[in-house]
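Below is one structure; the comments refer to it alone.
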Amino acid sequence: MSEWQHSTANRKVFIKTFGCQMNVYDSDRMAEALAPLGYAQSESIDDADLVILNTCHIREKAAEKVYSELGRVREARERRREAGEGDTLIAVAGCVAQAEGQEIIRRAPAVDIVVGAQSYHRLPELLGRAGRGEKVVETEFPEEDKFAELPKRAATRRPSAFLTVQEGCDKFCTFCVVPYTRGAEFSRPVEEVLAEARRLADFGVRELTVLGQNVNAYHGEGPDGKDWSLARLMHALAEIPGIERLRYTTSHPLDMTDDLYAAHRDLPQMMPYLHLPFQAGSDHILAKMNRRHTADEYRRAIDKLRGARPDIALSTDIIVGFPGETDADFEATMQLVREIGFASAFSFKYSSRPGTPAAEMDEQVPEDVKLDRLHTLQALLAEQQRAFNDSMVGRTLPVLFEASGRNAGQLTGRSPYLQPVHVEAPAEAVGQIVDVEITQAGANSLKGVIKPL
Ligand code: SAH
Ligand code: SF4
Ligand code: F3S
């Protein structure tokens with residue numbers, strides 16, 4: 001260890017996470033990688049010796065947020081310097097780091113470290129270099145398996161955990177930056193995943209959400225030397241004592257395989273809820289997006305899911321205003337939403353991303369048209385979500401209690417359909433799955449009472 005690293009004992013790191021669940025997972029792992037250097041996590045930038053912004057590049061707004069946040073971080077650093085409280089190192093990690101690299105330091109010279117999502121296991125070394133005054137940019141895709149290099153998972157008190165099993169994407173949808181920011185598809189070996197899952201179960205984790213940009217394309221090497229599918233991995237995870245709930249996200253319709261439908265049918269641990277993006281309802285737009293499936297193929301995937309697990313609730317991602325989208329194309333999206341019925345959904349205005357094929361396409365849709373369509377779509381989605389939540393009232397649902405709620409004596413948990421549920425319950429119930437009678441539904445959450453035994 002260098003002298004500088006010794007001097008970091010009892011320091012604080014503040015990590016702010018943008019973007020998807022993969023970034024949430026990565027932020028936790030960065031914190032774990034820094035703990036051996038004496039960094040404890042802080043809830044505030046004001047007392048942090050190191051600030052990490054873990055960034056998202058998916059839409060222009062997401063990427064631009066980083067720069068406004070960097071302004072705040074710089075001010076905090078100046079306040080600390082003036083108060084004689086020491087210096088603050090500033091790191092930008094994640095997908096903006098990967099996409100923009102050196103450009104970040106050009107635009108925001110206060111930044112000390114730029115580190116891509118594939119290289120954060122090298123943070124201790126990068127910090128050493130930055131501590132000696134070097135500006136560090138690490139955006140190569142390294143040879144080694146980052147996950148194997150990271151320290152083991154640290155204890156967690158939350159009963160629900162993310163576990164990344166797959167990274168990157170080879171699909172190259174024409175609107176999307178992920179294949180460039182996260183690189184080629186990579187699946188972690190089965191044993192490595194199972195070891196991490198067992199460790200989390202030992203810490204009291206009851207629910208695992210298995211993550212990947214394209215998680216159902218998982219094909220990690222199994223102990224038998226063969227590639228395992230996601231379905232096979234799910235079967236192995238379901239056998240771990242303590243793991244009572246399994247989820248996976250995000251999936252691509254093309255990789256919904258028969259063994260995965262069967263797993264939904266056969267594994268009671270698999271929750272009856274799936275996020276399966278369709279992006280657009282018009283075949284013409286789907287083709288231009290390079291999604292490689294039609295609207296009918298998506299319908300068939302949903303039919304199969306419902307055949308395997310009739311109570312499954314669905315969530316999706318939808319983009320409006322992709323280049324060339326006509327009123328009729330948009331109506332096809334609305335129609336698909338009406339037909340399927342979603343329990344929840346994320347919808348976005350198309351955002352042109354540098355370097356992607358769609359950014360070069362003619363017939364970009366004007367902003368006001370995009371906004372109109374987004375409002376129309378979101379009104380329908382909100383109606384569906386509300387109807388779905390309302391249909392829970394009077395039902396008894398198993399709720400995994402995750403944390404204390406906003407009010408004293410209240411806990412917050414999740415239904416099988418991922419709805420937040422607020423219940424009066426004793427603090428000891430955190431980590432338990434308890435039958436709750438649903439008494440009230442809101443737009444985004446439910447309320448209920450614990451069923452007397
Ligand atoms: N791997 C996932 C999606 C990751 S990005 C999948 O294939 O489904 C999350 C969502 O952001 C996408 O599903 C898409 O709906 C949206 N998105 C991605 N690029 C976008 C862009 N350029 N403009 C608007 N929305 C976008
Ligand atoms: Fe992006 Fe498409 Fe890959 Fe999803 S499947 S990450 S939308 S390129
Ligand atoms: Fe954003 Fe990167 Fe996730 S671009 S959505 S943080 S993979």
State yes or no: is GLU325 of a type in the set (Asp, Glu) and crowded, with 20+ Cβ neighbours inside 10 Å?
-> yes
Taking the stated definitions as given, is VAL190 under 24 Å from ALA35 (Cα atoms), touching a residue at least 24 places away in the same chain (Cβ under 8 Å), more than 16 Å from ligand 2 (Cβ to nearest atom) and among the β-branched types (Val, Ile, Thr)?
-> no
Of the numbered conditions (1) touching a residue at least 40 places away in the same chain (Cβ under 8 Å); (2) buried (at least 17 other Cβ atoms within 10 Å of the Cβ), GLY405 satisfies every one except a single condition; which is it?
-> (1)
Any idea which of (1) within 16 Å of ligand 2 (Cβ to nearest atom); (2) surrounded by fewer than 16 Cβ atoms within 10 Å (Cβ to Cβ) is the one SER351 doesn't satisfy?
-> (2)
Boolean, ALA197 is within 16 Å of ligand 2 (Cβ to nearest atom) and either in the same structural domain as CYS173 (by TED's automatic domain parsing) or crowded, with 21+ Cβ neighbours inside 10 Å (or both) = no
In the list HIS252, HIS275, which residue meets the criterion of being at negative phi, within 16 Å of ligand 3 (Cβ to nearest atom), in contact with a strand residue (DSSP E or B) (Cβ under 9 Å, 6 or more places away or on another chain) and of a type outside the set (A, V, I, L, M, F, W, C)?
-> HIS275
In segment 241-298, which residues are of a type in the set (Phe, Trp, Tyr), over 15 Å from PRO416 (Cβ atoms) and surrounded by 21 or more Cβ atoms within 10 Å (Cβ to Cβ)?
-> PHE278, TYR298
Consider GLU60 against the criteria (1) within 16 Å of ligand 2 (Cβ to nearest atom); (2) crowded, with 17+ Cβ neighbours inside 10 Å: it satisfies all of them except one. Which criterion is unmet?
-> (2)
Looking only at segment 193-216, which residues are within 18 Å of ARG245 (Cβ to Cβ) and free of Cβ contacts under 8 Å to residues at least 12 places away in the same chain?
-> none
Residues in segment 130-169 that are under 18 Å from the mean Cα position of the chain (by Cα), within 16 Å of ligand 3 (Cβ to nearest atom) and assigned to a loop (DSSP other than H, G, I, E, B) total 3
Members of segment 295-351 found to be part of a helix (DSSP H, G or I) and β-branched (Val, Ile, Thr), listed by number | ILE302, THR333, VAL337, ILE340
Would you confirm whether any residue within segment 35-50 is assigned by TED's automatic domain parsing to the domain that holds GLN118 and out of contact with any strand residue (DSSP E or B) (no Cβ under 9 Å at 6 or more places or on another chain)?
-> yes
What is the number of the single condition among (1) under 22 Å from PHE147 (Cα atoms); (2) at pLDDT below 95 that GLU64 does not meet?
-> (1)
Sort out which residues of segment 78-99 are surrounded by 20 or more Cβ atoms within 10 Å (Cβ to Cβ) and away from ligand 1 (no atom under 16 Å from the Cβ), and write them in order of number.
-> THR88, LEU89, ILE90, ALA91, VAL92, ALA93, ALA97
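The values are calculated or read from the model by the stated rules, or taken from the named source; none is laboratory data. The model shown is predicted, which means the values in this text are computed figures rather than measured ones. Cβ atoms come from the backbone with ideal geometry, glycine included; neighbour counts cover every protein chain shown.
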